[in-house]
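A short worksheet on the structure shown next.
The values are calculated or read from the model by the stated rules, or taken from the named source; none is laboratory data. Note that this is a predicted model, so its numbers are computed, not measured. No Cβ is skipped: glycine too gets one built from the backbone with ideal geometry, and neighbour counts run over all protein chains shown. Side chains included, ligands, DNA and RNA excluded: accessible areas come from the protein's heavy atoms. Shrake-Rupley method; radii C 1.70, N 1.55, O 1.52, S 1.80 Å.
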Amino acid sequence: MPLWKIHGNGRTVAPGAVVRPDERLNWPATIAIGVQHVVAMFGATFLVPIITGFPVPTTLLFSGIGTILFLLVTRNKLPSYLGSSFAFIAPVTAATASAGMGSALAGIVAVGVLLAIIGAVVHTVGVHWVDRFLPPVLAGTIVALIGFNLAGAARGNYELAPITATFTLAVTILFAVVFRGFLGRISIFLGVIAGYIFAGIRGELDFSKVEAADWIGFPTFHLPDFATPGTWSAMAMFLPVVLVLIAENVGHVRGVATMVEDPAVNKQTGKALIADGISTSLAGFFGGSGTTTYGENIGVMASTRVYSTAAYWVAGITAILLSMSPKFGAVINSVPAGVLGGITTALYGLIGVIGIKIWVDNRVDFSRPVNQYTAAVGLIVAVGGFMIKDPESGFELGGIVLATVGAILIYHLGNLIARLRGSGADDPKPLAGVGAPGGDPA
């Protein structure tokens with residue numbers, strides 16, 4: 001029995017119809033759509049290793065492998081691309097600076113293991129407990145505070161080459177405003193290309209490593225370090241990322257279920273979390289960035305109306321092939337600081353805006369004091385960079401950890417008190433699909 005049925009005539013999609021996950025168009029069309037998925041994910045996926053100092057080819061390799069693992073675990077029933085998660089940028093940067101790359105990789109592995117365990121629980125008992133523990137006001141706050149916490153990092157890169165950074169930022173915004181459909185969804189990628197060309201004109205590019213790199217070769221692998229004492233204190237910074245990945249995966253599954261008009265897709269939520277957890281742990285074990293389902297690729301599905309998992313097999317294999325070129329990775333790593341400064345100014349802000357969008361899409365009621373203080377305290381602690389540090393042991397808790405823990409405690413304890421007193425408790429509800437930067441206005 002074939003894995004996919006041919007949809008219609010195999011060449012076109014009739015008005016109002018969709019190509020379901022168990023269907024496909026003919027192989028030339030499927031390959032073309034699969035490559036388009038690679039372009040859609042690429043602008044975001046390669047930025048994470050560049051910003052965090054991880055090897056780009058290794059990240060691409062495990063992005064492709066992770067996508068294929070996801071399709072295998074979900075038994076080809078849920079289309080998704082697993083790209084680099086922006087939620088890892090802040091803890092990876094902090095852990096690398098304080099304890100080294102090996103400690104950061106250990107944190108990524110820990111996130112993946114915990115996410116897979118949560119996925120197993122969801123698959124066994126259902127997703128309803130996630131709705132109660134991670135309601136929209138909390139999910140939005142945690143996503144927003146991770147983005148806004150990175151404002152200082154964006155400013156640091158921006159100040160290194162302000163002219164190039166300003167040009168890159170302006171062009172990225174222009175692309176997002178002018179373009180619609182697919183081009184609108186890859187405005188960040190287009191902004192990087194334009195900024196790169198501008199930096200070349202200004203003489204800010206260094207191609208020495210590109211010239212020295214081989215055309216074909218295996219990616220560089222790095223192993224996690226669980227032995228360094230600083231690793232275990234650094235791991236605390238990674239725990240909020242688990243909540244973000246849960247929100248992204250749950251939102252992704254519900255979004256696909258809505259678009260293909262098949263509520264049965266929601267039954268794949270637990271498997272999606274397990275698959276993303278396995279992919280993240282595998283990437284962290286060999287030097288890649290943590291992964292997540294990609295909203296950019298949901299946009300491609302929405303615009304093409306092709307939800308075939310066959311296209312994602314093509315995308316995963318293409319990413320693996322691209323990872324086998326060290327020269328390609330060297331070109332990506334040659335992106336100068338000015339371009340990164342401009343693009344991260346927009347990108348980190350967009351991560352924060354996605355959190356706010358979760359509030360808007362789910363109609364969070366901010367007339368309730370519990371919701372007000374959950375968001376207010378969480379954001380201020382993160383943006384302000386609050387920190388608890390023990391100079392003697394070196395143990396520290398950064399802004400993201402404190403803000404996340406604070407938001408969770410304020411929401412659940414405050415909600416409990418408000419419910420007992422009958423004075424403005426919030427009623428948790430299922431999290432709507434999590435959006436992504438770029439694309440057409442709804």
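Does region 97-127 hold any residues that are over 21 Å from the mean Cα position of the chain (by Cα) and of a type in the set (S, T, N, Q), and which are they?
Those that are over 21 Å from the mean Cα position of the chain (by Cα) and of a type in the set (S, T, N, Q): SER98, THR124.
Is it the case, given these coordinates, that PHE175 is part of a loop (DSSP other than H, G, I, E, B), in contact (Cβ under 8 Å) with a residue 12 or more places away in the chain and over 21 Å from the mean Cα position of the chain (by Cα)?
Working: part of a loop (DSSP other than H, G, I, E, B): no; in contact (Cβ under 8 Å) with a residue 12 or more places away in the chain: yes; over 21 Å from the mean Cα position of the chain (by Cα): yes.
It is false that PHE175 is part of a loop (DSSP other than H, G, I, E, B), in contact (Cβ under 8 Å) with a residue 12 or more places away in the chain and over 21 Å from the mean Cα position of the chain (by Cα).
Restricting to region 351-376, and then to whatever is in a helix (DSSP H, G or I) and open to solvent by 60 Å² or more (accessible area, probe 1.4 Å), can you tell me which residue is modelled with the highest pLDDT?
Keep residues of region 351-376 that are in a helix (DSSP H, G or I), which gives 351-361, 369-376.
Imposing the further condition that a residue be open to solvent by 60 Å² or more (accessible area, probe 1.4 Å) reduces the set to 353, 356-357, 360-361, 369, 372-373.
Values: VAL353: 82, ILE356: 86, LYS357: 83, VAL360: 85, ASP361: 82, PRO369: 85, GLN372: 89, TYR373: 92.
Top of the filtered list is TYR373.
Identify all residues within region 1-44 that are more than 14 Å from THR304 (Cα to Cα), open to solvent by 80 Å² or more (accessible area, probe 1.4 Å) and touching a residue at least 60 places away in the same chain (Cβ under 8 Å); write none if there are none.
LEU3
Please tell me if ALA319 is among the hydrophobic types (A, V, I, L, M, F, W, C), open to solvent by less than 10 Å² (accessible area, probe 1.4 Å), within 16 Å of the chain's Cα centre (by Cα) and closer than 24 Å to VAL113 by Cβ.
The answer is no for ALA319.
Taking the condition surrounded by 24 or more Cβ atoms within 10 Å (Cβ to Cβ), in a helix (DSSP H, G or I) and in contact (Cβ under 8 Å) with a residue 40 or more places away in the chain, does GLY152 pass?
It is false that GLY152 is surrounded by 24 or more Cβ atoms within 10 Å (Cβ to Cβ), in a helix (DSSP H, G or I) and in contact (Cβ under 8 Å) with a residue 40 or more places away in the chain.
Quick one: in region 189-218, of everything that is of a type in the set (A, V, I, L, M) and open to solvent by less than 40 Å² (accessible area, probe 1.4 Å), which residue is farthest from ALA346 (Cα to Cα)?
Of the residues in region 189-218, the ones of a type in the set (A, V, I, L, M) are 190, 192-194, 197, 199, 201, 205, 210, 212-213, 216.
This time we only want the ones that are open to solvent by less than 40 Å² (accessible area, probe 1.4 Å), so: 190, 192, 194, 199, 210, 213.
Details: LEU190: 13, VAL192: 11, ALA194: 15, ALA199: 18, VAL210: 27, ALA213: 31 Å.
Top of the filtered list is ALA213.
Can you tell me which residues in region 257-280 are over 20 Å from GLY64 (Cα atoms), of a type in the set (A, V, I, L, M) and either assigned to a helix (DSSP H, G or I) or under 16 Å from the mean Cα position of the chain (by Cα) (or both)?
Matches in region 257-280: ALA257, MET259, ALA264, VAL265.
Six or more apart or on different chains, Cβ atoms under 8 Å: show the pairs whose first residue is in region 81-108 and on the phi > 0 side of the Ramachandran plot and whose second is assigned to a strand (DSSP E or B) and crowded, with 22+ Cβ neighbours inside 10 Å.
none
Taking PHE175 and the conditions (1) open to solvent by 60 Å² or more (accessible area, probe 1.4 Å); (2) out of contact with any Asp or Glu (no Cβ under 7 Å at 6 or more places or on another chain), which numbered condition does it fall short on, given that it satisfies the others?
PHE175 satisfies every listed condition except (1).
Looking at region 65-85, which of its residues are among the hydrophobic types (A, V, I, L, M, F, W, C) and not in a loop (DSSP other than H, G, I, E, B)?
Keep residues of region 65-85 that are among the hydrophobic types (A, V, I, L, M, F, W, C), which gives 65, 68-73, 78, 82.
Scanning region 65-85 gives ILE65, ILE68, LEU69, PHE70, LEU71, LEU72, VAL73, LEU82.
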